[in-house]
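The values are calculated or read from the model by the stated rules, or taken from the named source; none is laboratory data. Remember, predicted model here, so these are calculated numbers, not experimental data. Cβ placement follows ideal geometry from the backbone for every residue including glycine, while neighbour counts extend to all protein chains displayed. Ligands, DNA and RNA are excluded from the accessible area calculation, which covers all protein heavy atoms including side chains. Shrake-Rupley method; radii C 1.70, N 1.55, O 1.52, S 1.80 Å.
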Amino acid sequence: MAQEDIQKQGRPVLRTAPKEPRKYNVLILNDDFTTFEFVIMVVMTVFGKTEAEACNIAETTHVHQKAKVGEYTLDIAKSKVAKATGMARAEGFPLRFDIEKV
């Protein structure tokens, strides 16, 4: 039945707004082998952080064993983690990330 026909019958047409996609935090996990310089480069390159932000994330990771790198939809979070992990493996670093629901 066309929308106009439904409105003529006196029934309201309910339209739901599209829902915002669920967000996920990407966390970088500390290890004793990946260099600060490499972590900073990956955070800047893959996650688009400034040098100051990347340094802060690297320091937080070192002190607290993990740090939030960003908040993304699941597909983007997985893609960024895969790219960053691939860069780390190519350089022989065991750098790891985690994804958690916000």
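For residue 23, the lysines whose Cα comes closer than 21 Å to its Cα, not counting residues fewer than 8 places off in the same chain, are 49, 66, 68, 78, 80, 83, 101. Accessible area per residue for the chain, computed on protein heavy atoms with a 1.4 Å probe, is 69 Å². Accessible surface of the chain, 1.4 Å probe: 53 percent of it comes from carbon and sulfur atoms. Other residues within the sphere of radius under 13 Å centred on the Cβ of residue 99, judged by their own Cβ, net out at +4 (K and R +1, D and E -1). Note on residue 66/residue 11: beta-carbon distance plugged into 1/(1 + (r/R0)^6) with R0 of 30 Å gives a FRET efficiency of 0.05.
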